Amino acid sequence: MRRAALIAVPYAWLLALFLVPFAIVFKMSLSDIAIAIPPYTPTLKDGLAEMIRAFDFENYVFLTEDDLYWKAYLSSLKIAAIATVLTLLVGYPMAYGMARAPEEWRPTLMMLVILPFWTSFLIRVYAWIGILSTEGFLNQFLLWTGLISAPLTILNTAAAVYIGIVYTYLPFMILPIYAALDRMDGSLIEAAEDLGCSRLSAFWLVTFPLSRGGVIAGCLLVFIPALGEFVIPSLLGGSGTLMIGKVLFEEFFNNRDWPVASAVAVILLLILIIPIVLFQLNQQKQAEADR
Amino acid sequence: MTRLSRFNVVSLTLGFAFLYIPMLILVIYSFNASKLVTVWAGFSTKWYGELLRNEQFLDAAWVTLRVAVISSTIATVLGTMAAYVLVRGGRFFGRTLFSGMIYAPLVMPEVITGLSLLLLFIGIGLDRGVLTIVLAHTTFSMCYVSVVVSSRLMSFDRSLEEAALDLGASPFDAFRLVTLPIIAPAVISGWLLAFTLSLDDLVIASFASGPSATTLPMKIWSSVRLGVSPEINALSSILIGLVTVGVISASLASKHASLRRQQETQAAARTT
C-alpha cells in the first residue's frame, strides 16, 4: 500500500506537469490560429472525432515554406556545433592540466570550475555585454596595447554568441573529461614512453583515446542545451544570428502565433532526439566499462 | 601523473582567467561612481544604496526567494521518492515511462518546457502567478534531485537496509533510521541544486508567470535588454558574493565531515 503511494505521487506529478503539457503542445501544433484569447481554435470541447477531423499539418507545411524557420534550425545547428568544438578546445587542456595537477590542488581546482556553474546564468552572460561592446573593456584594452586602431564590433555578432556559449557551458565540458582522465592509469603513459613513444604521440595514442567517453559526454552536454539556447543569442547576438530558441520565444510572445510556435517546438524536439540517444548510449557504455 | 608541464600551467591560468575575469570586472565596476559603466570615476557604494531603495527589485527578490524555497522543498521530497522508487522499487507497471519522464526534463530545452506548461495552465484555467511558477520549478528540479539522490542510493550497501528489516524494523522505519541518514548529503545537495536552479531560471518563469508575479531574473532581464546598468552590476555582485560564500562553506563543511569520518573509522579500527 505504502509502496503504491510512493510510486503514485511522483508518477502522477510528472504525468500531469510533464507528459500532459507536452501532449497539449503536440495537439496545438495541429490546430489553427484564431483571433481570440487564447489565440487558437479550442478543439477539445467539440468531441474527439470532430477534433481529429480538424487536425492538419498546415503549420508544419508553413514551416517548410517560410525560409525563416529552416534557416533558423540550420543556423542553430551550425552555431551549436562550432561552439561545442570551441568549448572542447578550451576545456580539454584545462581538464588535462587539472588531472596532472598535484593531488592536494585538485579539490580547489574542481571548486573553481564548479563555482561559476552555481552563479546565475543570466548574470554571467550579462557580464560579457560590458566587455564586448564597442566602448567595452576588450576594445579599450586592445586600443591601449596598440593592436588595433579602431574599435572592433563584436557584440551583436555570431562571435559574441560563440564566446557566450563557450563561457557559460565550459564547466559541462571540463567535468566529464576530467573524470575520464582522472580514472586513467598513469602507468600506461609511462609504459608508452618506456617503449619509445614521444610525449605527443603517447598523448594521441594512449591518453586521448582513453578519455574519449568523457569527450563525447562533454560535447553532448554542451551541444544539446546550446541548440535550444535563448538567453545568449538574445543578449549577445544581433539580428543576424538566428537561433531557433529565440525564434520560438518571439513567435510566442510577439507574434502570438501559438500553433506555429508549437510546431517549431515539436520539430526542435525531433532534432534533439538523435544527440540525446547518443548521450544515453555513451553513458551506458561508460557505466559498463566501469564495472 | 603529477608533472605539470609549462603547457598545463599556461592552459590552466588562461582558462581560469577566462572564467573569472568577467565576473571580477562586474564586481569592481559595481563600485564605480559614474553612471557610464565602462569609465572609472572613483569609488562609490551609491548603486548598492539605489538598489536597496528600488522597491521593484526588492519585491522581485522576495517573490524569487519564496518560489525557490517552496519549489525546492517539494522537489526534494518528490525527487527523493522518485529516486527511491527507481533504485529500490523493483518492477512496476510503466517503469520505463517513469524513468523516461525523470530524465527527459534534464535535456529538454527550456523554451519547450516553458511553452508546454503555459499551454497547460491556460488549458485548465489556472491564474498565472507565484503558484504556477512553483509548479513549473518543482517539476524540472525534482528530476535533478532524483538523479543526484539515485546515484547515492545505487552506491551504498543494500545489506544495511536488509539487516534493519531482518531485525524487525518496518520498511518506513528502515528508511527513516538507516537509509535517510546515509543518503542525507545527497538529499541536501539535491535541495541546494533545486534551490539554485529556481533562483536562476528566467525562461520557464517567463512562460509560467503572469502579470501578478515577477521574479528577479525576469526583472534583471527586462532592464538588461536596455543595456548595462550600474544597479544591475551591484545586484550581480551581491549574488556572486552569496554564491561564493555558499559554495566555499559547503565544500569546507563536507571536507570537515569526511575528515571526521576518517578519524572515527581509524579510532574504531584501533579499539577492535
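The values are calculated or read from the model by the stated rules, or taken from the named source; none is laboratory data. Values in this document were obtained by computation on a predicted structure and should not be read as measured data. Positions of Cβ are backbone-derived with ideal geometry, glycine not excepted, and every protein chain shown enters the neighbour counts.
Points to keep in mind about this one:
- Residue in the range A:1-51 that is modelled with the highest pLDDT, counting only those that are touching a Ser or Thr at 6+ places or on another chain (Cβ under 9 Å) and acidic (Asp, Glu): A:Asp32
- Comparison of B:Phe7, B:Phe43, B:Phe16 shows that the only residue that is among the aromatic types (Phe, Trp, Tyr), over 30 Å from A:Ala191 (Cα atoms) and more than 7 Å from chain A (Cβ to nearest Cβ) is B:Phe43.
- Condition met for A:Ala158 (of a type in the set (Gly, Ala, Ser), surrounded by fewer than 23 Cβ atoms within 10 Å (Cβ to Cβ) and in the same structural domain as A:Phe279 (by TED's automatic domain parsing)): yes
- When we screen B:Leu97, B:Leu51 for residues that are in contact (Cβ under 8 Å) with a residue 24 or more places away in the chain and over 17 Å from the mean Cα position of the chain (by Cα), the only hit is B:Leu51.
- Residues that are surrounded by fewer than 19 Cβ atoms within 10 Å (Cβ to Cβ), of a type in the set (S, T, N, Q) and without any contact (Cβ under 8 Å) to a residue 40 or more places away in the chain number at least 2 in the following helices (runs of 4 or more DSSP H) confined to the range A:83-148: A:137-145.
- Residues that are away from every other protein chain (no Cβ under 14 Å), of a type in the set (Ser, Thr, Tyr), touching a Phe, Trp or Tyr at 6+ places or on another chain (Cβ under 7 Å) and over 30 Å from A:Asp185 (Cβ atoms) are absent from the range B:23-33 altogether.
- Some residue of the range B:20-32 being aliphatic (A, V, I, L, M) and assigned to a loop (DSSP other than H, G, I, E, B): no
- Residue check for B:Thr96: facing chain A (nearest Cβ under 7 Å), in a helix (DSSP H, G or I) and under 28 Å from A:Ala217 (Cα atoms): no
- Per this entry, A:Leu227 is not counted among residues that are touching a Pro at 6+ places or on another chain (Cβ under 9 Å), surrounded by 18 or more Cβ atoms within 10 Å (Cβ to Cβ), more than 21 Å from B:Ile102 (Cβ to Cβ) and modelled with pLDDT under 90.
- Restricting the range B:207-231 to residues that are modelled with pLDDT under 90 and within 28 Å of A:Leu112 (Cα to Cα), the residue that is surrounded by the fewest Cβ atoms within 10 Å (Cβ to Cβ) is B:Ser229.
- Qualifying residue in the range B:152-168 (condition: more than 18 Å from the chain's Cα centre (by Cα), surrounded by fewer than 16 Cβ atoms within 10 Å (Cβ to Cβ), hydroxyl-bearing (Ser, Thr, Tyr) and within 10 Å of another protein chain (Cβ to nearest Cβ)): no
- For A:Ile274, the conditions (1) closer than 21 Å to B:Ala104 by Cα; (2) touching a Phe, Trp or Tyr at 6+ places or on another chain (Cβ under 9 Å); (3) surrounded by fewer than 19 Cβ atoms within 10 Å (Cβ to Cβ) are fulfilled apart from (2).
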